[in-house]
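Taking it in order: structure first as structure tokens, then the write-up.
Values quoted throughout were computed directly from the atomic coordinates according to the rules given, and no laboratory measurement underlies them. Just so it is clear, the structure is predicted and the values come from calculations on it, not from any experiment. Neighbour counts run over all protein chains shown; Cβ positions are idealised from the backbone, glycine included.
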There are 2 protein chains.
Amino acid sequence: MKQKCYTYFMKQGEKTKQHILEQSNVLFYINGYSSTSFTDIMEATGLSKGNITYHFKNKQAILEGIIAQRLREAECFFKIWEEKSQNPKERLAFFCDMILSEQENIEAYGCPMGTLTAEFSKNEPTLYTITLPLFQSYRAWLAKQFSLLGANNADADTQAMSLLGRVQGVAMVAHSFKDRYFLVNEIEKIKEELTK
Amino acid sequence: MKQKCYTYFMKQGEKTKQHILEQSNVLFYINGYSSTSFTDIMEATGLSKGNITYHFKNKQAILEGIIAQRLREAECFFKIWEEKSQNPKERLAFFCDMILSEQENIEAYGCPMGTLTAEFSKNEPTLYTITLPLFQSYRAWLAKQFSLLGANNADADTQAMSLLGRVQGVAMVAHSFKDRYFLVNEIEKIKEELTK
DNA sequence: GTCTATAAGAAGATAGAC
DNA sequence: GTCTATCTTCTTATAGAC
């Protein structure tokens with residue numbers, strides 16, 4: 001197990017738990033949730049099945065842990081963006097920049113949030129319920145920025161949905177056609193439209 | 001087995017084959033490809049596993065049959081739209097109308113083409129190769145319309161990708177948030193932008 | 001062309017030793 | 001906390017009767 005700097009003060013059990021979450025998060029992103037088996041997680045973590053089961057009852061519990069962590073990360077992003085600028089337009093630009101910084105991964109594996117949500121939207125109501133809050137937190141934050149720009153609540157939400165949709169579409173098409181160039185150009189265009 | 005009018009002149013073997021394709025197509029759409037088992041197809045068709053295997057070597061062969069059929073259907077749409085109007089803008093509006101007519105299904109199960117493509121884009125290179133041509137055929141047809149509107153080849157293709165992206169994004173978000181109202185409004189907006 | 005039956009593998013879940 | 005071993009279920013693949 002590689003030692004991470006922020007795990008120095010964790011108890012052994014917490015370290016292992018964190019290690020499982022991190023490796024699973026990567027596997028779920030790269031291969032998808034349902035395509036990732038317990039054996040895959042065993043191999044990636046170097047731990048036994050029994051040990052993983054000790055920390056997480058089942059695969060769903062791992063997913064829950066991952067989403068909880070991603071939600072905290074998202075809140076962290078929002079906080080940073082809000083502190084970096086008082087101007088909502090600039091904050092929306094930061095959101096676009098995050099996508100641009102992930103261009104390689106998005107080309108290869110799609111949007112980390114979108115592909116996971118899409119995997120559960122059809123016929124996995126339980127997993128869908130676990131994942132949706134992450135999507136909703138972005139929706140709410142984006143809507144907040146549009147509110148600050150003067151839109152009423154309903155309009156702000158629609159604009160947030162619309163932006164989410166555009167970004168998801170660009171990510172989906174760039175992923176399907178393996179075209180990073182398209183992703184960058186479209187996101188730059190969206191960024192311009194938002195900030196003008 | 002329900003008798004379909006266009007199967008009257010088919011041999012029994014062809015009828016069965018067609019029946020398997022149709023039922024599997026619905027299952028793959030509603031539940032996804034990997035979530036659909038042979039048992040599901042058995043139940044939906046009312047046929048035995050041995051019989052299905054007789055007509056299609058495996059699940060992948062069924063998928064190939066479905067994509068081939070969907071490609072023919074797409075070509076059929078293109079032909080109709082081109083015959084209905086000489087104006088590329090109107091043709092693009094027909095494309096949008098098709099999406100609007102599928103609003104209920106898209107809200108419930110996502111875009112039939114997009115969700116299938118997305119399922120294979122991550123780590124299913126073989127199935128990805130089978131599905132992509134369908135996506136490409138829409139890309140090519142849309143690009144053709146933008147060409148007719150005066151764009152050079154590169155621009156026309158980019159505009160086609162851009163439109164595909166917007167539509168996929170709207171479908172994805174409408175599906176994730178189960179919001180048909182959003183889908184209709186966004187597609188209407190896109191339609192207006194295209195035809196103005 | 002259609003069926004039943006079975007084999008062989010992979011997955012997740014569980015039990016118990018250290 | 002961590003491991004090995006087993007159990008059950010699900011899924012695909014195959015063999016052979018009618």
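Taking θ as phi - 60° and the Karplus parameters 6.51, -1.76 and 1.60, the scalar couplings of region A:188-196 work out to 4, 4, 4, 4, 4, 4, 6, 9, 6 Hz in sequence order, x denoting glycine and proline. Note that region B:1-56 shows a convex hull volume over its alpha carbon atoms of 74 Å³ per residue. Within the listed set A:76, A:96, A:111, the Gaussian network model of chain A (springs between alpha-carbon atoms below 10 Å) gives the highest mean-square fluctuation for A:76.
Going by a ≥ b ≥ c, the root eigenvalues of the Cα gyration tensor, does chain A fall in the rounded group (a/c under 1.5), the prolate group (a/b larger than b/c) or the oblate group? Prolate. Comparing B:175, A:56, A:113 along the charge dipole axis of the protein assembly as shown, the residue lying farthest to the positive side is A:56, per the Cβ-charge model.
Relative to the Cα centre, what is the charge dipole magnitude of the protein assembly as shown, using +1 at the beta carbon of each Lys and Arg, -1 at the beta carbon of each Asp and Glu, and rounding to the nearest 20 debye?
Using Cβ point charges on Lys, Arg, Asp and Glu, the protein assembly as shown gives about 720 debye.
Can you tell me which of B:133, B:112, B:125 moves the most in a GNM of chain B? Springs connect C-alpha atoms under 10 Å apart. Result: B:125 has the largest fluctuation of those listed. Looking at region B:20-68, which trypsin sites (Lys or Arg not before Pro) are DSSP coil and have at most 14 other C-beta atoms within 10 Å of their C-beta? Qualifying residues, ordered by number: B:57. Its Cα centre serving as origin, chain A has a Cβ charge dipole (Lys and Arg +1, Asp and Glu -1) of approximately 520 debye.
Counting neighbouring beta carbons within 10 Å and listing from fewest to most, the residues B:139, B:180, A:91 come out as B:180, B:139, A:91. Placing a pseudo-label 7 Å from each Cα along the Cα-to-Cβ vector at residue B:79 and residue B:195 gives an inter-label distance of 2.5 nm. Potential lengthening of the chain between residue A:40 and residue A:94 amounts to 16.0 nm, from the contour at 0.36 nm per residue minus the alpha-carbon distance.
Among the listed pairs B:17/B:49; A:122/A:191; A:189/B:178; A:189/B:89; A:122/B:122; A:17/A:84, a Cα-Cα separation exceeding 21 Å is found for A:122/A:191; A:189/B:178; A:189/B:89; A:17/A:84. Quick one: net charge of residue A:83's neighbours, Cβ under 13 Å, K/R +1, D/E -1? Taking every other residue near residue A:83 into account, the sum is 0.
Between Rg and the Kirkwood Rh of region A:56-138, both from Cα atoms, what is the Rg to Rh ratio?
Across region A:56-138, the Cα-based Rg/Rh ratio is 1.02.
Between 0 and 90 degrees, the angle of helix A:88-101 with respect to the longest Cα principal axis of chain A falls at about 50 degrees. The alpha carbon centroids of region A:19-48 and region B:127-166 are separated by 36 Å.
Computing FRET efficiency as 1/(1 + (r/R0)^6) for residue A:181 and residue A:10, where r is the C-beta to C-beta distance and R0 is 45 Å, gives about 0.60. Other protein chain C-beta atoms within 10 Å of residue C-beta, averaged over B:116-125: 5. With a 10 Å cut-off between alpha carbons and a GNM built on chain B, which of B:171, B:151, B:143 moves the most? Maximum among the listed residues: B:151. Summing +1 for each Lys or Arg and -1 for each Asp or Glu among the other residues whose beta-carbon sits under 15 angstrom from that of residue B:103 gives -3.
Mind running the shape call on region A:87-196? Use the C-alpha gyration tensor, a ≥ b ≥ c as the square roots of the eigenvalues: rounded below 1.5 for a/c, prolate if a/b tops b/c, oblate otherwise. Cα axes put region A:87-196 in the oblate bin. Counting neighbouring Cβ atoms within 10 Å and putting the fewest first, the residues A:64, B:186 line up as A:64, B:186.
For the protein assembly as shown, a/c is not less than 1.5, where a ≥ b ≥ c are the root eigenvalues of the C-alpha gyration tensor, and a/b does not top b/c. That puts it in the oblate class.
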